[in-house]
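Worksheet for the structure shown next.
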2 protein chains.
Amino acid sequence: MRTEIILSGAGGQGLILAGAILAEAAGIYEEREVVQTQSYGIQARGGASQSTVIISDKRIKFPEVRHPDILLCLSQEAYQRFSPNLKKGGLLVIDEHLITLDLNHEERDVVVLPFTSEAERLGRRILANLIALGAIAELAKIVKVSSIARAIPSRLPERNVPAALEALQVGARLGEINKIIQL
Amino acid sequence: MRTEIILSGAGGQGLILAGAILAEAAGIYEEREVVQTQSYGIQARGGASQSTVIISDKRIKFPEVRHPDILLCLSQEAYQRFSPNLKKGGLLVIDEHLITLDLNHEERDVVVLPFTSEAERLGRRILANLIALGAIAELAKIVKVSSIARAIPSRLPERNVPAALEALQVGARLGEINKIIQL
């Protein structure tokens, strides 16, 4: 089993941090094989930024993500750029308020969730990344939410850890509710 | 110009952090194209751990590092495993006290520096990663030491930033002195 994930959005949304946390959760706390990649430069600066994570049960020989199984988009530009590459039958997760779906081209199941408005409710818009991570963990069952929670403290200043853990739980609930609705 | 760098050692030596800082320094503060990769899992757990950074003036199409231009080794196992792959004419940088050179096979120029003993002198062995980064920046001129210094605060808790910046400068001096000796 090999799962390829792209977390995409704009610079400053904390997607590189989210990718690093996801990688650590799977690699260190669940002992899977993980390769995590992030790009800086033109690719990252102009609008669309991305962090890729590959989680596998076997040694990862090809570390590139071409057609992700799971794609998170937190900006319109990231959605336009990365969503055409989603694997057939893959999971597309987007922010409710930041993205307008291109309905002419959208034939897939898409999970639309209010990450940024939930983050604003928690008082910090930057938490949208961890809310999204919690939701994806619940929706796709790639790693346990508890493993992500364990990886958070090593990546954030101590004072931000409680809010980050709360954001993760809010996201996990969003993911859970969405699954129940879809049944 | 494309430069491939591997920072290798044992888990817990902060090489993933060092790779992330180097990537941010080049990508955000020098506007180069950068791809940074880190592995978790068996590859990372058992002894040898690595963080790879590719810095380029053009868009990076192939994000894998097979034959690095620059290789840092902070453990014997990392040295055994990664040094055979160093590009011909590449720069091999190793810790003076942690690694015994395999002289039967070592025909290259190797830069041997006391990263961990300098880190111990500063009171924190974990700083060896940033001392090494400062030295490599001076030796190879891949990024400015000042760009690395700018990238440090976003990656470390505030209370650790002054010691990290000092470690970087200690490393830069080591690199500089080494270049003078070799002339």
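Structural remarks
- Descending principal axes extents, the stretch B:2-182, alpha-carbon based, whole Å: 44, 42, 38
- Dipole magnitude for the stretch A:98-183: computed about the Cα centre from +1 point charges on Lys and Arg Cβ and -1 point charges on Asp and Glu Cβ, it is near 440 debye.
- Beta bridges assigned by DSSP with both partners in the protein assembly as shown are antiparallel in approximately 60 percent of cases.
- Label-zone membership for the stretch B:146-174, site A:Arg159, 7 angstrom Cα→C-beta point, backbone N under 15 Å: B:154, B:156-161
- For the protein assembly as shown, calculated [θ]222 nm from helices alone, where every DSSP H run of n ≥ 4 adds -39500 (n - 2.57): -12000 deg cm²/dmol
- Annotation for the stretch B:61-106 versus the stretch A:62-114: alpha-carbon center distance of 40 Å.
- Counts of other chain beta carbons within 10 angstrom of each beta carbon in peptide B:51-64 average 2.
- Over 18 Å between alpha carbons, listed pairs B:Lys87/B:Lys179; B:Lys58/B:Lys88; B:Lys144/B:Lys179: B:Lys87/B:Lys179; B:Lys58/B:Lys88
- Fully extending the segment from B:Leu103 to B:Glu166, taken as 0.36 nm per residue of separation minus the present Cα-Cα distance, adds 19.3 nm.
- Divide the volume of the convex hull around the Cα atoms of the protein assembly as shown by the residue count and you get 130 Å³ per residue.
- Of all DSSP beta bridges confined to the stretch B:20-99, the antiparallel ones make up roughly 60%.
- By the Kirkwood approach, averaging reciprocal distances over each pair of separate Cα atoms, the stretch A:107-179 gets a hydrodynamic radius of 12.2 Å.
- Using Cβ point charges alone (K and R +1, D and E -1), the dipole size of chain B about the Cα centre works out to roughly 400 debye.
- Within the listed set A:Ala149, A:Ala163, A:Ala23, the Gaussian network model of chain A (springs between alpha-carbon atoms below 10 Å) gives the highest mean-square fluctuation for A:Ala163.
- Between B:Asp69, B:Asp95, B:Asp109, the residue with the greatest mean-square fluctuation in the GNM of chain B (Cα pairs under 10 Å linked by springs) is B:Asp109.
- Leading residue at positive end of dipole, the protein assembly as shown (Cβ point charges), from B:Ser146, B:Val35, B:Ile177: B:Val35
- Across the identical copies, the 7 Å label point of B:Arg121, projected outward along Cα→Cβ, sits 5.6 nm from its counterparts, in ascending order.
- Farthest toward positive dipole pole in the protein assembly as shown [+1 Lys/Arg, -1 Asp/Glu at C-beta], among B:Gly134, A:His67, A:Ala23: A:His67
- Gain in span if fully extended, B:Lys141 to B:Arg121, counting 0.36 nm per residue against the direct Cα distance: 4.6 nm
- Choice from A:Gly90, A:Gly12, A:Gly171 with maximal GNM fluctuation in chain A (Cα, 10 Å cutoff): A:Gly12
- In a simple Cβ point-charge model (Lys, Arg +1; Asp, Glu -1; nothing else charged), the protein assembly as shown has a dipole of about 120 debye relative to its Cα centre.
- Antiparallel bridge percentage (DSSP; both residues within the stretch B:1-147; nearest 5): 55
Just so you know, all these numbers are worked out from the coordinates, no wet-lab data involved. Treat the numbers as computed from the prediction; the structure is a model and nothing was measured. As a convention, Cβ positions derive from the backbone with ideal geometry for all residues, glycine included, and neighbour counts pool all protein chains shown.
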